Amino acid sequence: MKVEVVSGALGEVKADAVVVGMSADDKKLPAGLAALDRQASGRIAAVLAAEKFQGKPGAVTHLHVADGFGASRIVVTGLGSRTEMAAEMVRRAAAAGVRRARDLGARTVALDVLGDRLPARERAHAAVEGAVLGTYVFDRYKREKSEKAVETLRVVAPDRRQTREVTEGARRGEVFAEGTWLARDLINAPANDVHPTYVAEVARQIAREGKLKIKVLERDECAKLGMGAFLGVAKGSEQPPKFIHLTYTPSGRATKRVAIVGKGITFDSGGLDLKSAEGMARMKNDMSGAAAVLGIMKALPKLGARVEVHGLIAATENMPSGSAIRPGDILRAMNGTTIEIGNTDAEGRLTLADALCYAAKFIEPQEMIDMATLTGACVVALGALCSGLFANDQRLADRLLASARAAGERAWQLPLIDEYKEQFKSDVADLNNTGGRNGGAITAGLFIKEFAGTIPWAHLDIAGPAFIDKDSPLGPKGATGVGVRTLLTYLSDGK
Ligand code: BES
Ligand code: MN
Ligand code: ZN
């Protein structure tokens, strides 16, 4: 979707449809809509009254207008009440409105910078982000592609003086959404195509386009570095593992150095502790953390972020075979820690352990943040729409929670209760990779924390929201690309 910013009256912008917002508190039509209504001789007000349109969130209606308008379809989309989360309401209203315009066959859509509560820049960001995310489709593997698609989005700045703000906001919204699209595509595509080698190829392409540094370590190089935990997981698979290291360096002086790590299990069968058919069905999504890292690394150069960011992915499958690791095996992580395998299905923490060791040794970041579809327990605790946040540093946790909230992605902090460490004590090694059923999301977090050392570290367990089985306001069921917008907000703050 091409995004451009124009200024002028809504009724005059050349487009197939114009999308305009209405808040639930509006007693009369807001200025932009009122002007359109006068132009339409009161037909908009009449339709809204007849349908008892109240501007509720998710409510959309439309009418067709004849000559004298830039657009022949007018879509009105509900913004909800002004007391509700402002930016998220704009995102959702834009998504619903532009989806309606698309379904009416519009290829060029004029979008009002919705609402009036936020600064124009933020409204433009939210509106474009919502429009692009809300029209996501994944039909790469279908013979029949949807014919209806919005090709051009004309964001309408009501006031010429706001054009710059609107342009900047719209661009950011577009870049955030593009990063999220990339993540969604990678996750939705099946594991027979998205194997570690393919993930590395995509990383190389992102590096080329964004002028990032990239290193891809093959199995033997990982072995030389002593990544026994990561390579242990890879042992059961025919697919060669890849350890991917992307680096974004800002043009000016970097404000800080951050490592972001994404769990990259391209398929999680469980290994010899094989999952049930039901448990395995969606496990192509076990690389959602890695996909988020790639979406973020693609976006950072376009945002001109001032933080040096290292993106790390230890990519492998988790498969059962004659060469797979067994329960009771003992692996040695890069920092020398020995790990007894209590369950081969607790593989994510093994790959993350070596990625964190690598970061601590070769990058020495000021902060490390990992994203992982790590535990079913986190889904039980927080449900399908909320990530679990864990951290060894409360300031980092607080800033990430604030970023998640601003981005419209839900995250909730869970405690790292030190006493629970006894749950993954091993009789024969330093640690066991499982900590039993109780507090499973917490014990997994505690396990990873062991490898963060003294570096401020945070962990997002995205097992719930990474992949959903119902359509949502900002996208269809399937991959959501969660994590991309939270971390982009965090890493490009003030930009
Ligand atoms: N990838 C799964 C976690 C998961 C489960 C993600 C459901 C999304 C939805 C992870 O590797 C796993 O299998 N975790 C086990 C850990 C257990 C064996 C300690 C789990 O949560 O059951
Ligand atoms: Mn698993
Ligand atoms: Zn897994």
Practice item. Could you compute the FRET efficiency for GLU209 and LYS2, with r as their C-beta to C-beta distance and R0 at 22 Å, rounded to 0.05? Key: 0.80
**Study point:** Separation of the ALA46 and MET280 label points, Cα + 7 Å toward Cβ, nm
**Key:** 6.2 nm
Review point. Rounded to the nearest whole Å², what accessible area per residue is found for the chain with the 1.4 Å probe?
Key: 42 Å²
Revision key, fill the gap. Sorted on mean Cβ neighbours within 10 Å (highest first), peptides 443-454, 118-129 come out as 118-129, 443-454
**Study point:** Computed magnitude of the charge dipole of region 2-157 (debye, nearest 20; Cβ of K, R +1, Cβ of D, E -1)
**Key:** 280 debye
Point to revise | Percent carbon-and-sulfur accessible area, region 180-492, ignoring ligands, DNA and RNA, probe 1.4 Å | key: 50 percent
Practice item. State the extension gain, in nm to one decimal, for the chain segment bounded by GLN366 and TRP412, taking 0.36 nm per residue of separation less the distance between their alpha-carbons. Key: 14.3 nm
Study note, to complete from the structure: For 329-336, 165-172, ranked highest to lowest by mean beta-carbon neighbours within 10 Å, the order is 165-172, 329-336
**Study point:** Dmax and Rg, reported as Rg then Dmax, of the chain (C-alpha, Å)
**Key:** 24.0, 82
Check your understanding: Among the DSSP beta bridges whose two residues both lie in the chain, what percent are antiparallel, rounded to the nearest 5?
Key -> 40 percent
Point to revise | Spatial separation of Cα centroids for region 11-66 and region 347-393, in angstrom | key: 46 Å
Check your understanding: Of THR454, PRO465, LEU396, which is farthest on the positive side of the dipole of region 180-492, counting Cα position, with +1 on Lys and Arg Cβ, -1 on Asp and Glu Cβ, and the Cα centre as origin?
Key -> LEU396
Review point. How big is the gap, in Å, between the Cα center of region 311-334 and the Cα center of region 396-434?
Key: 22 Å
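At 0.36 nm per residue, minus the direct Cα-Cα distance, what do ARG38 and ARG257 gain on full extension? Give it in nm, one decimal, please.
This chain segment gains 73.3 nm when fully extended.
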Review point. Which of the peptides 289-295, 277-283, 349-355, 205-211 is most tightly packed, and how do the rest follow, judged by the mean count of other Cβ atoms within 10 Å per residue?
Key: 289-295, 349-355, 205-211, 277-283
Exercise for review: Can you pull the one-decimal nm distance between simple spin-label points at SER472 and GLU218, each 7 Å off the Cα toward Cβ?
Suggested key: 4.0 nm
Check your understanding: Roughly speaking, what is the centre-to-centre gap between region 208-244 and region 71-149 when only Cα atoms are used, to the nearest Å?
Key -> 40 Å
Exercise for review: List the residues whose amide H sits under 5 Å from the amide H of THR375, counting only those 5 or more places along or on another chain, with H placed 1.01 Å from N in the peptide plane.
Suggested key: ALA463
Practice item. Could you work out how far helix 440-449 tilts from the main Cα principal axis of the chain, as a 0 to 90 degree angle to the nearest 10? Key: 70 degrees
Revision key, fill the gap. Stretched fully, the stretch from GLU168 through GLU422 gains (0.36 nm per residue minus C-alpha distance, one decimal, in nm) 86.4 nm
Exercise for review: Determine, from the Cβ-Cβ distance of ASP159 and THR197 and an R0 of 60 Å, the FRET efficiency 1/(1 + (r/R0)^6), rounded to the nearest 0.05.
Suggested key: 0.75
**Study point:** Helical contribution to [θ] at 222 nm, DSSP H n ≥ 4, -39,500 (n - 2.57), averaged over the chain, rounded to 500
**Key:** -11000 deg cm²/dmol
Check your understanding: What figure in square angstrom, to the nearest 10, would you give for the accessible area of LEU272 with a 1.4 Å probe?
Key -> 80 Å²
Review point. Can you give the charge dipole size of the chain about its Cα centre, rounded to the nearest 20 debye, using +1 on the beta carbon of Lys and Arg and -1 on the beta carbon of Asp and Glu?
Key: 1540 debye
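The values are calculated or read from the model by the stated rules, or taken from the named source; none is laboratory data. Everything numeric here is computed off the predicted structure, so don't read it as measured data. So basically every Cβ, Gly included, is an ideal-geometry build from the backbone, and we count neighbours across all protein chains shown. Quick note on the areas: whole protein, heavy atoms, side chains included, nothing else; ligands and nucleic acids left out. Shrake-Rupley method; radii C 1.70, N 1.55, O 1.52, S 1.80 Å.
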